[in-house]
Amino acid sequence: MNSLEEIHERLKACDACPQMCGTPVVGNKNKTGLMLIGQAPGPHEASKGKPFAFTAGKTLFEWLHKVSGLSEEELRAQIYFAAVARCFPGKNLKGGGDREPSSEEIANCRQFLIAEMNVLKPKVVIAVGKLAISEVLGPGIFKKSAPLTDIVGKKISVNYHGQDIVVVPLPHPSGISTWHKKGPGKSLLVEALNQLALIDGGLKKKDATATDRGSISDN
């Protein structure tokens, strides 16, 4: 897979995971050095034809707007959206939101992440949620069982599938999560977003210079 067009066509035709619900979800084919990796699409993304298209997406774009001033449309043009798994895994039968993709499903989808990394060669990766953070950083740096306070608010340099990248971890913007709304989570989210606006290759407004990037506070 040597182009985004080929990757997306292969993704759309993939049926490797019989327990997944719906069809694969892909974002814009924009070649950019800024990549976002989420966990998996929710139940509404396939019908809307794009990742982060419902409640969690609204929260995510609000976060990114605060630090960049960019609209959702402008952010989608600046960021390449990917995920650890590309189909909706279904609901967690034990309650508490969506089912987490299995290790086999993650492994099936990893070929697409590797291909995207090889084509895009991003400088910065935004890893959203514990599953994506652990996938990108590796369990040696961050285990899914570790608290988000260990990693959010930091920028970490790693080699991911042959590419030297800076990773900015963010909490998942799920509506059922309160981590980012209070206590240390609230201030660490602000710190992470400010990191994203300040690092080379991170978010900035189209007309901003390297010294004209905004910052936010948790007040």
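The values are calculated or read from the model by the stated rules, or taken from the named source; none is laboratory data. From a predicted model like this one, the values you see are computed outputs, not experimental measurements. We place every Cβ from the backbone using ideal geometry, glycine too, and count neighbours over all the protein chains shown.
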Residues of segment 133-159 that turn out to be hydroxyl-bearing (Ser, Thr, Tyr) and surrounded by 19 or more Cβ atoms within 10 Å (Cβ to Cβ), as a count: 1
Yes/no for Thr23 being under 18 Å from Gln111 (Cα atoms) and of a type in the set (Ser, Thr, Tyr): yes
Subset tally (residues that are in contact (Cβ under 8 Å) with a residue 40 or more places away in the chain, in a loop (DSSP other than H, G, I, E, B) and within 17 Å of Ala56 (Cα to Cα)) for segment 83-120: 9
Residue among Ala16, Ala40 that is surrounded by fewer than 20 Cβ atoms within 10 Å (Cβ to Cβ), part of a loop (DSSP other than H, G, I, E, B), among the small types (Gly, Ala, Ser) and at pLDDT 95 or above: Ala16
Given (1) of a type in the set (D, E, K, R); (2) over 28 Å from Cys17 (Cα atoms); (3) under 17 Å from the mean Cα position of the chain (by Cα), number of the condition Asp164 does not satisfy: (3)
Test: residue in segment 121-133 that is free of Cβ contacts under 8 Å to residues at least 24 places away in the same chain, farther than 13 Å from Ala85 by Cβ, out of contact with any His (no Cβ under 6 Å at 6 or more places or on another chain) and not in a loop (DSSP other than H, G, I, E, B): no
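Here are Ser71, Ser3, Ser47: which of them is without any contact (Cβ under 8 Å) to a residue 60 or more places away in the chain, surrounded by fewer than 19 Cβ atoms within 10 Å (Cβ to Cβ) and closer than 23 Å to Pro122 by Cα? Give the derivation first.
Numbers: Ser3 fails: without any contact (Cβ under 8 Å) to a residue 60 or more places away in the chain; Ser47 fails: closer than 23 Å to Pro122 by Cα.
After applying the criteria, what remains is Ser71.
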